[in-house]
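Reviewing the structure listed below.
The values are calculated or read from the model by the stated rules, or taken from the named source; none is laboratory data. Just so it is clear, the model here is predicted, and its values are computed rather than measured. Just the protein is used for accessible areas: all its heavy atoms, side chains included, with ligands, DNA and RNA removed. Shrake-Rupley method; radii C 1.70, N 1.55, O 1.52, S 1.80 Å.
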Amino acid sequence: MDPTKIQNESVALKGVYFTLAELGANCQLRAEQVNEFVENGVITSDCSYANLYSTTQLARLRKACRLKATIGIEARSAATALNLLEHIERLEKRRSWMKFACIEHSSLTMQ
């Protein structure tokens, strides 16, 4: 699959992987720029036997590129920011689930 055809960053296609060269082409980065993001933990390989990266990693790389372009932060800081944002998303999902569980529990006890 051509990574340039993946426009929506929230879409994660299972079983679709990209090489570093394909990620670089998609984000208009040179090889050394992609390697900088890898070395600083912005993206990590999703495959234990080869350097292949999922659409989730492609989305992280795109976000890191936007952070660098818009506010000028370096790769290491982008990795930290993305990790924090993902942690917040997980907490918000958990909170929503807990809120739903509380509502369900209270409606069952009122019957």
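Whose amide H sits under 5 Å from the amide H of residue 18, counting only residues 5 or more places off or on another chain, with H placed in the peptide plane?
For residue 18, the qualifying residues are 53, 54.
Please report the accessible area of residue 89 (heavy atoms, 1.4 Å probe, ligands and nucleic acids excluded) in Å², nearest 10.
Answer for residue 89: close to 90 Å² accessible.
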